[in-house]
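Just so it is clear, none of the values below were taken in a lab; they were calculated from the coordinates. What you see is a predicted model, and the numbers here were worked out from it, not measured in a lab. All Cβ positions, glycine included, derive from the backbone under ideal geometry; neighbour counts span all protein chains shown.
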Protein chains: 2
Amino acid sequence: MPVDSADIVDAFFERYRPKLTETAILLLTPNLKVLHHPKKHELIKANQTSGYAYLLVKGAARSYYLYNGTEINSWFAFENEMVGSLRNYNNLPSRETIELLEDSTLLSFNVNGIKPLMAENIEISNFINQVIGEYCLYLEDKLFYTHLRSARERYTALLAQEPNVFKRVPLTYIASFLGISRETLSRLRAK
Amino acid sequence: MPVDSADIVDAFFERYRPKLTETAILLLTPNLKVLHHPKKHELIKANQTSGYAYLLVKGAARSYYLYNGTEINSWFAFENEMVGSLRNYNNLPSRETIELLEDSTLLSFNVNGIKPLMAENIEISNFINQVIGEYCLYLEDKLFYTHLRSARERYTALLAQEPNVFKRVPLTYIASFLGISRETLSRLRAK
DNA sequence: ATGATTTTGTGACATAAATCAAATGGCCAA
DNA sequence: TTGGCCATTTGATTTATGTCACAAAATCAT
């Protein structure tokens, strides 16, 4: 294990304001665990209710669901991103499967252990709500930049804003994420 | 004023758990105001940062933005729905204009007054986070039921899930909400 | 390495939906 | 009531993107 578990926790929490104090860290720690999983491992499965969320420390993941027998990818995530199912968090079954695209290091959050802490520790509450709030803004952006835009516009926007995706994710997955066929993506790339 | 301000507040807060206690209500009250505005009034304007969110007590509203000179409608809201700009809440300018579709009665929330209360009163914090959390689930649903679906599928889904929209919103607005042209919507309706 | 499987690219064709162009219908104001 | 302005419908045509079929390239397992 090249990276110390505590370092991983610290690095992530730095991003969140107000910074979590020792008290909050102490409460959270028993609910955190550093994990390693190989490519293709499924963190969360469609139609199930998982009690965990994850921070991607190293690696990549995708979220997909089946529609008319084909996989539709809804997002991709990389280092320092939180992955999980918002529906799971709200005690609903996930619609999507979250699968690792590379061998990955993860920090797992035991949601069932952490949720009760929100009532007694305002920092933890703020932390979780900030994660959800950021996700909410991301969803708004995604709708805004997708709605009524052509295949080419969506493609060039993704290329500009998230070039990593094209380096680390198979084109087949990117196509359904963009809402286009594999062939169309291939032609757009050919320019 | 046919409806008492306190009744309006109570009725809305009932929806949220844990129910707000007297303490929370007392803190919130100075930041609430019942308003009446005519059709076409703009609650929030594009590219500005408003300090208010609203509960639609009676009436209807739409949110739209300009794209290539034409209005794109992003949502419609009716009785008992919260309207506002998530971007405003995060101190970013709104991308959208929120306009009343009918003469309406509103309960306004002074966000700048309420936000500081979140630190001192956990109920208020939970209340706001629940509103955001529900909006987040709504956005996920909207993406899920829109992505890679045909014009007809999106149309029939809206008709099934929100028939009110077709009774109270002009078809021109509904078309851009569905991501299709007015002509196509007309043809879909003609069956 | 070698062949096998999967991923990506290319061409021909089909089709959903946009666009352009009127025509019709509703609604509001004077 | 009348005219005028939107909103909606209908028709003809165009266009972007999907589908099907296969070829080429890359990746994987043995």
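Things worth noting here:
- Equivalent ellipsoid semi-axes, the protein assembly as shown, via Cα gyration tensor eigenvalues times 5, rooted, Å: 34, 31, 17
- Point-to-point label distance, A:K191-A:A46, nm (Cα→Cβ direction, 7 Å offset): 3.7 nm
- Peptide A:138-150 - average C-beta neighbours from other chains (10 Å radius): 5
- Gaussian network model of chain B, Cα within-10 Å springs - most flexible of B:G133, B:G59, B:G51: B:G133
- Once backbone amide H atoms are built at 1.01 Å from N, A:A60 has A:L101, A:E102 as its partners under 5 Å, excluding neighbours fewer than 5 places away on the same chain.
- A:K33 long-range amide H proximity, modeled H, under 5 Å: A:S108
- Restraint check, A:K19/A:K39; B:K33/B:K58; B:K33/B:K115, Cα-Cα greater than 21 Å: A:K19/A:K39
- log10 of Debye I(q)/I(0), alpha-carbon scatterers only, for segment A:5-120 at 0.16, 0.20 Å⁻¹: -0.76, -1.12
- Net lengthening on full extension, B:E153/B:H36 (0.36 nm per residue, minus Cα-Cα): 38.4 nm
- Kirkwood-Stokes translational diffusion coefficient of segment B:54-176, alpha-carbon pairs, 37 °C, 0.692 mPa s, µm²/s: 204 µm²/s
- The Cα center of segment B:80-146 and the Cα center of segment B:14-58 differ in position by 9 Å.
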